[in-house]
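Peer 1: Okay, handing you the structure first.
The values are calculated or read from the model by the stated rules, or taken from the named source; none is laboratory data. Since we're looking at a predicted model, the values are computed, not measured. Positions of Cβ are backbone-derived with ideal geometry, glycine not excepted, and every protein chain shown enters the neighbour counts.
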Amino acid sequence: MSGGRRPCWSVFAADGPASLKSPLRVASEDALAFWEERLAAEGIAVTREPGRLRFDDPEGLGLELAASSVADAPLVARHPEIPAELALQGFDGVRGFSSDPERSRRLLEDVLGFSSTGSADWEVRGVARGGLYAYDEPPAGAGVPGAGTVHHVAWASTMEEHEAWQRRVTEAGMHATPVIDRFWFRSVYFREPSGVLFELATLGPGFGIDEDPAHLGESLILPPAFEHLRDRVERVLTPLPDPRAGWAS
């Protein structure tokens, strides 16, 4: 921590107040054209402009693909119908809403190590990956939690530095939670001064500690603390098909 290590940009969950949006990286305009055609074939309305493709998911959550050229190794999900050079490459950045981004500047720059790239825009980099964080003017009215909204943004931390990050943000005046054991990872939560909920999540232990990585997602896996609730949980979940069931070996 004393050496100024920064949290690595990572992912967010999508189940709460409408305070965030995030573009996904693709490698080129050709990739945008591919996804424009693929989405249109599924009846999904899209808006295309240079370097960008926007659309809504079935819950009404606005999504965006951005042609982004970065040195980071792409995070490509393998699929037999998607050529690797056209595939999604992970998140490009996160955009929150704030009427006064200056409230957050000290925390972002002095505490979390973000680098300013504009009046309300920052870059954040870890050892291996980086991304963008920015604020837009908020829409009229308050956000309403529910389907089609985004809950928080998570920043990755190593297991070794996680408790030090918790102390660092707490000493900066943020009302951070204690480290919460999620079994597959550890979490710390706090609201930054503009009101966006941040999570510091560890990169481990990982989903491979209790399941074969080659079969992730094929069955409902619960953390040990919730296993006794399996009957109740399974009754209220919508069964999902195995997307790999029809793939060739």
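Peer 1: Within the stretch 208-216, identify whether any single residue is outside the structural domain of SER99 (by TED's automatic domain parsing), assigned to a helix (DSSP H, G or I) and farther than 22 Å from GLY126 by Cα, and answer yes or no.
Peer 2: Scanning the stretch 208-216 turns up no residue that is outside the structural domain of SER99 (by TED's automatic domain parsing), assigned to a helix (DSSP H, G or I) and farther than 22 Å from GLY126 by Cα.
Peer 1: Only one residue in ASP231, ASP210 is over 30 Å from PHE97 (Cβ atoms) and surrounded by 10 or more Cβ atoms within 10 Å (Cβ to Cβ). Which one?
Peer 2: Answer to the selection: ASP210.
Peer 1: Can you confirm whether TRP165 is in a strand (DSSP E or B), at pLDDT 95 or above and not acidic (Asp, Glu)?
Peer 2: no
Peer 1: What number goes with the only condition from (1) surrounded by 12 or more Cβ atoms within 10 Å (Cβ to Cβ); (2) farther than 12 Å from PHE190 by Cβ; (3) of a type outside the set (Phe, Trp, Tyr) that THR170 does not pass?
Peer 2: (2)
Peer 1: Follow-up question, since we're still on this one. Could you list, in sequence order, the residues of the stretch 113-154 that are among the aliphatic types (A, V, I, L, M), part of a loop (DSSP other than H, G, I, E, B) and under 17 Å from the mean Cα position of the chain (by Cα)?
Peer 2: ALA128, ALA147, VAL150
Peer 1: Do you know which of the residues in the stretch 94-105 that are assigned to a helix (DSSP H, G or I) and in contact (Cβ under 8 Å) with a residue 60 or more places away in the chain is nearest to VAL196 (Cα to Cα)?
Peer 2: It comes out as SER104.
Peer 1: Just one of PHE226, PHE190, PHE185 is without any contact (Cβ under 8 Å) to a residue 60 or more places away in the chain, of a type in the set (A, V, I, L, M, F, W, C) and loosely packed, with under 15 Cβ neighbours inside 10 Å; which is it?
Peer 2: Being without any contact (Cβ under 8 Å) to a residue 60 or more places away in the chain, of a type in the set (A, V, I, L, M, F, W, C) and loosely packed, with under 15 Cβ neighbours inside 10 Å holds for just one of PHE226, PHE190, PHE185, which is PHE226.
Peer 1: Sticking with this structure for a sec: For the stretch 65-83, which positions are without any contact (Cβ under 8 Å) to a residue 24 or more places away in the chain and either touching a helix residue (DSSP H, G or I) at 6+ places or on another chain (Cβ under 7 Å) or over 21 Å from ARG244 (Cβ atoms) (or both)?
Peer 2: Across the stretch 65-83, the qualifying residues are ALA71, VAL76.
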